[in-house]
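Have a look at the structure below before the remarks.
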Amino acid sequence: MDSTKESSKIPIPVTESKASKTASSPVVVAVAKKPAQRPLVARWKRGLGIFDFILRICAIVAALAAATAMGTTNQQLPFFTQFFQFKADYNDLPAFTFFVIANATAGAYLVLSLPFSILCIVRPHMIGARLMLLIAVPLITAAASAAASIIYLAHNGNSNANWAAICQQFDDFCQRVTGAVVASFITAVIFMVLVVVSAVALRRN
């Protein structure tokens, strides 16, 4: 009896299994970070930003050339009478005045937007610097169209309204204003290309 009691009191070592050790140990889950941007897409956006900057430079040259050519255009015929002096000036027509203001405004906007264009090369997801183009496009297009209609009348006249063509007499004046309108339409086309480039850049964000 005593031997049975003593044998029951003998401690039995208990070993922990590997499964229990594994369950009690902390589990570390590694979460892979999503890459910020693929290299190919980043290079594509940067290329669009550089192309946007070059187009803005070209548009500045065209817009300011159009405004300067129109704003400095005047011609006075060498003959005059006692009561009449034959002279043509852009100030005589409101459409030409609007043309100068619109192209000068567009040129000033483009100059001020150059830092934002450089910033768009670094941060292509910026939207505000690109949306301003939507205001400049109709402004330039309206000014160029209004001036083109006046130049058409100056070249061809209108017999129904008894408006005579004046470009045969004021040939230098007509040549300068025609060149200014061509430069303005070039500016409008560049603005449209800028809108497309901006839309593509924002689409790929």
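The values are calculated or read from the model by the stated rules, or taken from the named source; none is laboratory data. Just so it is clear, the structure is predicted and the values come from calculations on it, not from any experiment. Note that each Cβ is placed from the backbone with ideal geometry, even for glycine, and that neighbours are counted across all protein chains shown. Heads up: the accessible areas ignore ligands, DNA and RNA and are worked out on the full protein's heavy atoms, side chains in. Shrake-Rupley method; radii C 1.70, N 1.55, O 1.52, S 1.80 Å.
Surface composition of segment 149-202: carbon plus sulfur atoms hold 63% of the accessible area, using a 1.4 angstrom probe and ignoring ligands, DNA and RNA. Of the trypsin sites (Lys or Arg not before Pro) found in segment 132-205, those that fall in a DSSP loop while having at most 14 other beta-carbon atoms within 10 Å are R204.
By accessible area of protein heavy atoms, probe 1.4 Å, what ranking do M192, M70 get, highest first?
Working: M192 95, M70 0 Å².
From most accessible down to least: M192, M70.
Sort K87, K45 from largest to smallest accessible area, using a 1.4 Å probe on the heavy atoms of the protein chains.
Working: K87 105, K45 15 Å².
Output order, biggest surface exposure first: K87, K45.
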